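> Have a look at this one before I ask anything.
The values are calculated or read from the model by the stated rules, or taken from the named source; none is laboratory data. Nothing here was measured: the structure is a model prediction, and the numbers come from that model. Note that each Cβ is placed from the backbone with ideal geometry, even for glycine, and that neighbours are counted across all protein chains shown.
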Amino acid sequence: MTTSRQKFVKKLHWLVDHLKRQKNNYAVQLIDRTSAQLTGVLMKFQNPPLEHLISKKVEQLGPASKKKKMMDEKSTPPAMVESLVSKPVQEVVANSSNQVPERYIYKGEDGAIDASFPLLEVPVIDILRLLNSSSDDDELLKLRSALASCGCFQAINHGMESSFLDKLQEIAKQFFVLPIEEKHKYSRTVEDLEGYGNDSVFSEHQILDWTDRLYLIVSPEDQRKLKFWPQNPECFREILHDYTTKLAILNELILKSMAKSLNLEENCFLNQYGERATMFARFNFYPPCPRPDRTLGLKPHADGTAITFLLQDKEVEGLQILKDGQWFRVPIIPHALLINVGDQAEIMSNGMFKSPVHRVVTNSERERITLAVFCMPESNNEIEPVEGLIDQKRPRLYRSMKDYGNIYFQNYQQGKRPIDAAKL
Ligand SMILES: O=C(O)CCC(=O)C(=O)O
């Protein structure tokens, strides 16, 4: 096996060099990606039908010149989301006798992994007061300063009963503790980002997150793929629908308040959303981990959203935010929603609001369950810094762009900070 693989890698290197000499960068990208995928296949299946895989892949790719033409026509590369899906961590745990496989171990790239960093003072904002506030109200000033400094706040008095949020936590837990076969009915596939599962694997060196997820498109409603929405527990769909309907209202209120806090017309951010704004829900399950000092539940990232709502676990901490170059723990306030801005709000606000980099650490004692809901403008809508926030003192920092979600995905997978691609 090693010999065929070495031969294959050598051939690919030759091909990549050859294409580089011809300056065919797009073909190089495709080949690099294909090489990573095939390496993943080799790792997954001990006895790979190698030649068959290569010829099939080459057939799928077609001549590089044809792909190049497609790219020129669309001006962005066609989605390159093919990848392998890694095994759910719950299954790794079940088979690993308290060992963490090498693929989950960080080698120090993200600094010390430590669950005892200081607590961040995340501002607490009363949503009811925000709703009734005039432009110089304290709550609006607090919102502005929270989003300009740490990029997030804890929302209380948001209109959702504690018992309802408990129910939401409960259905998440009921889903993740189902038998493996039952959960696999909702498994994501290589083509779909949605469903139950884990990281896509793009390269053999990729370090995996110690988490299992259930990822679902919620809006626009006609885009929902119900085959991924659990029917067990029975009330799952109804409760998630109720929750996200309430969040859509809250999202609108927050966007209006953000505009008001900057003395702008209240719809200026909302207007960039479009009729068919997108909402995704992601249930995160972090099993206890025997090596919390070397493993991350979720690698550092900022969100590609405009607004993200996080329902934290009521008892188990894990989220950390990077502020002024230092990691801080995010405190738990039971039944509060942790709301943060994402890259698209940073762009629309011309950098006034900061999309925070965050990560999740694990612990060896207890599992942790959270629910993140990601809200963003319709992908066909152009987003850009609001006019009222551009002047001589504060020049425009970001370009106009459509489909930031796709730009985000492409950059994130290459380990780059996606918002850098939007900077002028
Ligand atoms: O689970 C958490 O605390 C954070 C989740 C998160 O950042 C995400 O799902 O993108």
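The rows are residues; the columns are (1) of a type in the set (Gly, Ala, Ser); (2) away from the ligand (no atom under 11 Å from the Cβ); (3) in contact with a strand residue (DSSP E or B) (Cβ under 6 Å, 6 or more places away or on another chain).
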position: Glu275; (1), (2), (3): no, yes, no
position: Arg282; (1), (2), (3): no, no, yes
position: Phe285; (1), (2), (3): no, no, yes
position: Pro290; (1), (2), (3): no, yes, no
position: Ile307; (1), (2), (3): no, yes, yes
position: Leu319; (1), (2), (3): no, no, yes
position: Gly325; (1), (2), (3): yes, yes, no
position: Ala336; (1), (2), (3): yes, yes, yes
position: Ile339; (1), (2), (3): no, yes, yes
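> Any chance region 191-199 includes a residue that's part of a helix (DSSP H, G or I) and either assigned by the TED database to the domain that holds Glu346 or free of Cβ contacts under 8 Å to residues at least 60 places away in the same chain (or both)?
no
> So the check is Cβ under 8 Å with 6+ separation or different chains; which pairs have a first residue in region 356-372 that's assigned by the TED database to the domain that holds Phe117 and under 20 Å from Arg291 (Cβ atoms) and a second one that's aromatic (Phe, Trp, Tyr) and in a strand (DSSP E or B)?
Arg359/Trp327; Val360/Tyr286; Thr362/Tyr286; Glu367/Phe285; Glu367/Tyr286; Arg368/Phe285; Arg368/Tyr286
> Also, quick follow-up: Name, by its number, the condition in (1) within 16 Å of the ligand (Cβ to nearest atom); (2) farther than 27 Å from Cys268 by Cα; (3) not hydroxyl-bearing (Ser, Thr, Tyr) that does not hold for Trp229.
With (1) within 16 Å of the ligand (Cβ to nearest atom); (2) farther than 27 Å from Cys268 by Cα; (3) not hydroxyl-bearing (Ser, Thr, Tyr) applied to Trp229, the lone miss is (1).
> Continuing with the same structure: Considering only residues that are more than 15 Å from the ligand (Cβ to nearest atom), of a type outside the set (Phe, Trp, Tyr) and part of a loop (DSSP other than H, G, I, E, B), which ones fall in region 347-375?
Hits for region 347-375 are Ser349, Asn350, Gly351, Met352, Lys354, Ser364, Glu365.
> Within 29 Å of Glu275 (Cα to Cα), out of contact with any Cys (no Cβ under 8 Å at 6 or more places or on another chain) and crowded, with 17+ Cβ neighbours inside 10 Å: does that describe Ile383?
Taking the combined requirement at face value, the residue satisfies it.
> While we're here: For region 200-214, which residues satisfy the criterion of being more than 16 Å from the ligand (Cβ to nearest atom) and part of a loop (DSSP other than H, G, I, E, B)?
Once the filter is applied, which keeps residues that are more than 16 Å from the ligand (Cβ to nearest atom) and part of a loop (DSSP other than H, G, I, E, B), region 200-214 yields Phe202, Ser203, Glu204, His205, Gln206, Ile207.
> Could you please let me know if Ile217 is within 16 Å of the ligand (Cβ to nearest atom) and surrounded by 15 or more Cβ atoms within 10 Å (Cβ to Cβ)?
Judged against the criteria, Ile217 is a match.
> Could you list, ordered by first residue, the pairs with Cβ atoms under 7 Å in which the first is in region 322-334 and among the hydrophobic types (A, V, I, L, M, F, W, C) and the second is at pLDDT below 95 and not in a loop (DSSP other than H, G, I, E, B), at least 6 apart or interchain?
Qualifying pairs under 7 Å: Leu322/Pro300.
Conditions tested, residue by residue: (1) charged (D, E, K, R); (2) within 30 Å of Lys256 (Cβ to Cβ); (3) in a strand (DSSP E or B).
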position: Ala115; (1), (2), (3): no, no, no
position: Met160; (1), (2), (3): no, yes, no
position: Lys173; (1), (2), (3): yes, no, no
position: Leu178; (1), (2), (3): no, no, no
position: Thr189; (1), (2), (3): no, no, no
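> While we're here: Residues that are assigned to a helix (DSSP H, G or I) and surrounded by 21 or more Cβ atoms within 10 Å (Cβ to Cβ): does region 388-408 have at least one?
Among the residues of region 388-408, at least one is assigned to a helix (DSSP H, G or I) and surrounded by 21 or more Cβ atoms within 10 Å (Cβ to Cβ), which makes the answer yes.
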